[in-house]
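Input: a single structure, listed below in structure tokens.
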Amino acid sequence: MKYLPSQLMSFLRERGAKHNVAILRRFSLTLFCMIAIYSVLFHLIMEYEGQYHSWITGVYWTLTVMSTLGFGDITFTSDLGRVFSIVVLMSGVIFFLIMLPFTFIQHFYMPWLESQKKDMVPRQLPSGTHGHVIIAGSGPITLNLADDLTRYGVRNILLCHDPQSGLELLEQGYEVVAGDHDDVRTYKQLRADAAAMLVVLDTDIRCTNIVFSAREAAPRLTIAAGVENPDAGDILRLAGCTRVFQFHNVLGKALARRVLNTAQRVSIMGRFGNLVVAEAPVMHSPLSGMTLLECGLRESTGVNVVGVWDRGVFQLPQLATVFTDSCVLVVAGTEAQIRALDRLISEPRHEGQQQPPAVILGGGRVGLSVAAHLQRRHIPAVVVDRQAHINLEGTPHIRGDASDLAVLEKAGIRTTPSIIITTHDDDANIYLSIYCRRLRPDAQILCRASLDRNVSGLHGAGADQVLSLASLVSSSIFNMLSPDKLLMINERLSIFRYTIRGPLAGKSLKDCGIRNKTQCSVLAIRGADGAMHVNPAPTHVFVLGDALYLIGDSEAEDKFRAHYGIDEDPGTHEVDLS
């Protein structure tokens with residue numbers, strides 16, 4: 001009870017409280033006038049009947065009748081009095097039993113409860129908070145980033161300008177702070193000067209305001225932001241943004257890099273120093289139908305096949321693993337070894353020879369980005385979209401519905417080696433994946449997903465590779481936040497660093513059983529002298545303090561963490577995500 005007055009005062013200071021109090025005041029005044037009028041009429045009718053009562057009795061009778069208590073100790077004897085009693089009784093039912101409770105609940109009790117709930121969303125972080133990541137934005141991609149950060153043990157705070165939305169996120173298990181995006185005090189209360197990073201995922205205009213306000217509060221804060229309009233990037237940098245990502249362009253580049261090119265099959269995904277990780281699709285290559293033992297890639301090129309993607313399923317290859325057309329090899333080695341593999345499995349293109357154009361379904365931002373990057377790689381393409389006017393800069397455009405067979409045939413669906421589905425609607429992408437796979441069982445189908453939860457569905461629908469925008473955002477932020485510690489290279493697939501501690505020190509790679517226990521593969525070892533040993537021999541002995549670089553999907557990494565833990569300190573070396 002001692003906190004009630006302070007709670008009421010806080011509630012009354014809120015926006016909208018004056019309006020609610022005004023309604024309650026008017027309703028109370030109406031009731032008071034009704035009671036006063038009924039009390040006067042009570043006296044007049046009682047005098048008409050020859051009965052005399054005090055004014056208090058009049059008020060008492062009015063309240064008992066309006067509240068339907070009706071003690072019956074004071075009654076009228078005339079018809080006029082009884083009619084008056086009925087009027088008072090009916091108005092009491094309406095105003096006392098219906099309108100009064102609902103008015104009180106709607107304009108006082110419920111707003112007061114909402115005020116109490118909003119107070120549950122904190123407005124600032126405790127002093128001493130440091131190393132956290134602040135995320136400003138809303139939507140599924142923002143929440144996906146928060147989930148990924150939490151999974152890797154990185155404390156993250158969602159900045160929410162609406163306390164009600166913040167309460168909903170709080171109930172879902174997220175750590176939330178309420179505050180105005182354009183208020184410098186908000187970022188001071190978020191301890192931005194001690195934060196590891198601020199990630200801004202909002203509209204370009206609001207992003208600029210957020211970055212400008214945060215930079216004023218924390219001059220040395222690392223700020224990463226996503227933009228929709230390429231021209232907004234320069235404005236955000238002027239506002240103080242450290243790194244600007246145009247995620248739709250990055251997604252388009254990643255999709256274009258995976259388009260089948262018989263003259264250059266291997267595409268580099270990332271680098272750790274001189275360790276290079278790349279992908280190589282098996283489709284229509286000399287490796288199709290061969291086992292890992294039969295192809296002899298390590299003996300002929302030096303690369304190590306560290307994993308195989310097959311329609312969204314990642315597995316560690318065995319010697320008897322057969323490479324089918326739907327497989328994509330994940331290989332690791334030095335730059336020279338990767339180039340040797342590319343020369344081995346690629347087909348030299350003769351002068352004047354050109355492969356049939358790739359078909360891009362969707363002319364939005366991602367589709368246009370795919371077309372532009374394919375043009376840079378000298379891979380012909382054609383875009384299918386309903387809009388008549390698209391700025392494609394030389395790439396042919398077929399206007400029409402991608403579900404129309406005549407339109408697809410006009411675009412070259414029967415002869416194309418690759419189909420890239422880039423619409424922003426995951427439901428439409430699943431539909432088109434099923435349709436295109438039925439039309440072209442032998443074609444490469446690449447697909448864009450907006451949300452991670454739809455990746456497996458798209459693979460099941462027939463897509464060979466699916467790139468998720470949500471995962472791309474998370475990987476970009478992780479690769480910036482923890483260089484040389486974590487490199488997310490695909491949906492649920494990442495390369496991570498582990499510093500040798502007690503359990504592994506003195507053991508050889510062959511004896512430690514990392515692969516059998518965790519389903520992770522060791523790609524390289526960096527010694528205390530800084531030398532990087534790519535694809536180490538099975539007899540290599542681990543030394544205390546050596547840095548291991550391992551690859552695995554999310555389940556394998558969780559197993560590794562359960563067995564050996566994971567590095568807590570962020571790295572200091574730059575990672576190149578190609």
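The values are calculated or read from the model by the stated rules, or taken from the named source; none is laboratory data. All values derive from a computational prediction rather than experimental measurement. Here the Cβ positions follow ideal geometry from the backbone for every residue, glycine too, while neighbour counts run over all protein chains shown. Areas reflect the complete protein model, heavy atoms only, side chains present, ligands, DNA and RNA absent. Shrake-Rupley method; radii C 1.70, N 1.55, O 1.52, S 1.80 Å.
Yes or no: the range 392-411 includes at least one residue that is of a type in the set (Gly, Ala, Ser) and within 22 Å of the chain's Cα centre (by Cα).
The first filter runs over the range 392-411 and keeps only residues of a type in the set (Gly, Ala, Ser), leaving 394, 400, 402-403, 406, 411.
From what's left, within 22 Å of the chain's Cα centre (by Cα): none.
Within the range 392-411, not a single residue is of a type in the set (Gly, Ala, Ser) and within 22 Å of the chain's Cα centre (by Cα).
Enumerate the pairs (first residue in the range 86-97 and of a type in the set (Asp, Glu); second residue anywhere and part of a helix (DSSP H, G or I)) with beta-carbon separation below 7 Å, excluding pairs fewer than 6 apart on the same chain, so at least 6 apart or on different chains.
From residues that are of a type in the set (Asp, Glu), there are no pairs.
If I ask for residues that are of a type in the set (Gly, Ala, Ser) and surrounded by fewer than 20 Cβ atoms within 10 Å (Cβ to Cβ), which ones from the range 531-556 would you list?
As a first pass, look at the range 531-556 and keep what is of a type in the set (Gly, Ala, Ser): 531, 537, 545, 547, 552, 554, 556.
Matches in the range 531-556: 531, 537, 545, 554.
Regarding the range 51-72, can at least one residue be identified that is open to solvent by 30 Å² or more (accessible area, probe 1.4 Å), among the aromatic types (Phe, Trp, Tyr) and under 24 Å from residue 30 (Cα atoms)?
Yes, the range 51-72 has at least one match.
Just a yes or no: is a residue in the range 367-383 in contact with a Lys or Arg (Cβ under 8 Å, 6 or more places away or on another chain) and farther than 13 Å from residue 259 by Cβ?
Taking every residue of the range 367-383 in turn, none turns out to be in contact with a Lys or Arg (Cβ under 8 Å, 6 or more places away or on another chain) and farther than 13 Å from residue 259 by Cβ.
Would the range 225-243 turn up any residue that is hydroxyl-bearing (Ser, Thr, Tyr), at pLDDT 90 or above and either more than 30 Å from residue 447 (Cβ to Cβ) or outside any helix (DSSP H, G or I) (or both)? Step through it out loud before you land on a result.
So the first thing to find is which residues in the range 225-243 are hydroxyl-bearing (Ser, Thr, Tyr), and the list is 242.
Next cut, at pLDDT 90 or above only: 242.
Retained after the next criterion (residues that are either more than 30 Å from residue 447 (Cβ to Cβ) or outside any helix (DSSP H, G or I) (or both)): 242.
Yes.
Taking the range 155-179 on its own, how many of its residues are modelled with pLDDT of 90 or more and in a loop (DSSP other than H, G, I, E, B)?
3
I'd like to verify a number: residues in the range 185-239 that are within 20 Å of the chain's Cα centre (by Cα) and basic (Lys, Arg), how many?
1
I want to confirm something. Restricting to the range 182-209 and keeping residues that are closer than 18 Å to residue 125 by Cα and touching a strand residue (DSSP E or B) at 6+ places or on another chain (Cβ under 6 Å), which single residue is most open to solvent (accessible area, probe 1.4 Å)?
Restricting to residues being closer than 18 Å to residue 125 by Cα and touching a strand residue (DSSP E or B) at 6+ places or on another chain (Cβ under 6 Å), the top hit is 196.
Given the conditions (1) without any contact (Cβ under 8 Å) to a residue 24 or more places away in the chain; (2) under 30 Å from residue 162 (Cα atoms); (3) open to solvent by 50 Å² or more (accessible area, probe 1.4 Å), which single one is not true for residue 22?
Unmet for residue 22, out of (1) without any contact (Cβ under 8 Å) to a residue 24 or more places away in the chain; (2) under 30 Å from residue 162 (Cα atoms); (3) open to solvent by 50 Å² or more (accessible area, probe 1.4 Å): (3).
I need the full set of residues from the range 184-219 which are among the small types (Gly, Ala, Ser) and not in a helix (DSSP H, G or I), in order please.
In the first step, residues of the range 184-219 are kept if they are among the small types (Gly, Ala, Ser); the result is 192, 194-196, 213-214, 217-218.
If the condition is that a residue be among the small types (Gly, Ala, Ser) and not in a helix (DSSP H, G or I), then 195, 196, 218 are the ones that fit.
Identify, please: which residue in the range 495-530 is open to solvent by 60 Å² or more (accessible area, probe 1.4 Å) and not in a loop (DSSP other than H, G, I, E, B) and is, among those, farthest from residue 277 (Cα to Cα)?
511
Which residue, of 284, 248, is assigned to a helix (DSSP H, G or I), in contact with an Asp or Glu (Cβ under 8 Å, 6 or more places away or on another chain) and within 30 Å of residue 354 (Cα to Cα)?
Details: 284 fails: assigned to a helix (DSSP H, G or I).
Result: 248 is the single residue among 284, 248 that is assigned to a helix (DSSP H, G or I), in contact with an Asp or Glu (Cβ under 8 Å, 6 or more places away or on another chain) and within 30 Å of residue 354 (Cα to Cα).
Just give me the residues in the range 141-174 being surrounded by fewer than 21 Cβ atoms within 10 Å (Cβ to Cβ) and touching a His at 6+ places or on another chain (Cβ under 6 Å), in sequence order.
Passing the criteria: 155, 161.
Kindly provide the set of residues from the range 537-549 that are touching a Lys or Arg at 6+ places or on another chain (Cβ under 8 Å) and in contact (Cβ under 8 Å) with a residue 40 or more places away in the chain, ordered by number.
Looking only at the range 537-549, we keep the residues that are touching a Lys or Arg at 6+ places or on another chain (Cβ under 8 Å), and these are 538-539, 541-542, 544, 546-549.
If the condition is that a residue be touching a Lys or Arg at 6+ places or on another chain (Cβ under 8 Å) and in contact (Cβ under 8 Å) with a residue 40 or more places away in the chain, then 542, 544, 546, 547, 548, 549 are the ones that fit.
Name the residues in the range 522-578 that are more than 28 Å from residue 309 (Cβ to Cβ), at pLDDT 80 or above and either in contact with a His (Cβ under 6 Å, 6 or more places away or on another chain) or acidic (Asp, Glu) (or both), would you?
546
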